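Computed from the coordinates by the stated procedures, all read-outs in this text should not be read as laboratory data. Keep in mind that what you see is a predicted model, and the values were worked out from it rather than measured. Ideal geometry is used to build each Cβ from the backbone, glycine not excepted, and the neighbour counts take in all protein chains shown.
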Amino acid sequence: MNEAQQQLVSRLQPLIAGVMANPLRLPGITCSICTREVQNGDLRCRRCNNDYESNAVPFEFGPPGYQPSPYRTADLVVPLSYALKGHQAYTDLLQYKDTYSPSKAALDRLSVLTALFQACHTWCIDRLVGRLVTDLAILPSLQGRQGLHPLEEIAQYLPRAWRRIQLAAAPNLPSDSNARRQTNPAFFHNTENLHGRHVVLFDDTWVTGGHAQGAALTLRNAGAARVTILTLGRCLDSSWPETASFIRRFNLPMKPYDVAVCPVTGGTCPG
Ligand SMILES: [Zn+2]
Ligand SMILES: [Zn+2]
């Protein structure tokens, strides 16, 4: 970290240190995609593995040197914090976008979380994926919300160099909210040609990842060479017994939040 980064961290980190919690990236213990707990030393949790394997492409033609990802879901998923149900980080993710009385304190904390990521770890995505990020898409709500979504306000703290592209909810979505939780690229609408681009898809809360991975598939269908999902909070629900024992084992939410822990690797930044 250079001096300017250190100054920013020492001013801003205390604002979120008692609320946010660094996600753990522990092979065989947490999902290599979404960072929730896994069973039996698996690489991925059940839902991520299902989305991953059901979107495999056995072979793709391309120009020499072109190496398409063999899987069409996102190349990388980066949750910035755990959000345990019943704890403040989780509440923040609900209240910042409350239609009737949005919480400014929640919006401020999520903005600080994003700004600190931007200042300290933007390049880590480029390095790990091996391709510079070119574009930014914001995951649209599938709830039919009208007007500017407050996630747009938080997105202004992401790098200006990422070109904004428009991704919208498709018309005629299924009315059943469970059906909308499927991983389905048809739920999203994009008109841009993204051939060869590396798109960051920005989302607030990861529960199953179905929406975000469905949108990642939409971006792939438009030609995106790489897709990274950046999400503010990975929801953990202790009403699942496996999640409850994981939370106990690591005494989550582990505090204080430490910006020096790279959210891309769970440890030091990629070299
Ligand atoms: Zn997972
Ligand atoms: Zn980093």
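Among 240, 162, the order by Cβ neighbours within 10 angstrom, fewest to most, reads 240, 162.
Of 250, 188, 117, the residue with the greatest mean-square motion in the GNM of the chain, using alpha carbon springs below 10 Å, is 250.
For the options 178, 251, 22, a Gaussian network treatment of the chain with springs between C-alpha atoms closer than 10 Å singles out 178 as fluctuating the most. Between 73, 10, 45, the Cα set farthest toward the positive side of the dipole of the chain (charges on each charged residue's Cβ, about the Cα centre) is that of 10. What is the set of long-range amide H partners of residue 259 at a cut-off below 5 Å, with H atoms built 1.01 Å from backbone N? Under 5 Å from the amide H of residue 259 lies no amide H from a residue far enough along the sequence or on another chain. Ordering of 166-177, 135-146 by packing is 135-146, 166-177, highest average first (other Cβ atoms within 10 Å, averaged per residue). In the chain, what percentage of the DSSP-assigned beta bridges are antiparallel, given to the nearest 5? For the chain, the DSSP antiparallel bridge percentage is about 15. Here the Karplus relation 6.51 cos²θ - 1.76 cosθ + 1.60, evaluated at θ = phi - 60°, turns the backbone of the stretch 94-107 into coupling constants of 7, 6, 5, 10, 4, 5, 8, 9, x, 8, 5, 4, 5, 4 Hz, with x for every Gly and Pro.
Residue-wise HN-Hα couplings along the stretch 207-222, as the Karplus relation 6.51 cos²θ - 1.76 cosθ + 1.60 with θ = phi - 60° gives them from phi, are 9, 9, x, x, 4, 5, 5, x, 5, 4, 5, 4, 5, 4, 4, 8 Hz; Gly and Pro carry x.
Across the stretch 79-92, rounded Karplus estimates of 3J(HN,Hα) from the backbone phi angles (6.51 cos²θ - 1.76 cosθ + 1.60, θ = phi - 60°) give x, 8, 8, 6, 10, 7, 3, x, 9, 4, 4, 5, 4, 4 Hz, Gly and Pro being marked x.
Between residue 85 and residue 29, what is the FRET efficiency for a Förster distance of 25 Å, r being their Cβ-Cβ separation, to the nearest 0.05? Intermediate results must be reported in sequence, preceding the final value.
Values: r = 20 Å, r/R0 = 0.81.
Rounded to the nearest 0.05, the efficiency is 0.80.
Backbone amide hydrogens, once placed in the peptide plane, bring residue 238 within less than 5 Å of 85, excluding anything fewer than 5 places away on its chain. Counted over the stretch 80-201, the DSSP beta bridges are approximately 25% antiparallel.
Report the full-extension gain for the segment residue 71 to residue 4: residue separation times 0.36 nm, less the Cα-Cα distance, to one decimal in nm. Don't skip to the end; give the middle numbers.
Numbers: separation 67, 0.36 × 67 = 24.12 nm, distance 3.87 nm.
Value of the extension gain: 20.3 nm.
Residues considered: 232, 12, 148. Largest GNM mean-square fluctuation over the chain, using C-alpha springs under 10 Å, is found at 148.
So what is the calculated 222 nm ellipticity per residue for the chain, using -39500 (n - 2.57) for each DSSP H run with n of 4 or more, over all residues, to the nearest 500 deg cm²/dmol?
Details: 7 runs with 83 residues, N = 271.
Value at 222 nm, helices only, nearest 500: -9500 deg cm²/dmol.
For residue 164, the residues whose amide H sits under 5 Å from its own are 136, ignoring neighbours fewer than 5 places away on the same chain, with H placed 1.01 Å from N.
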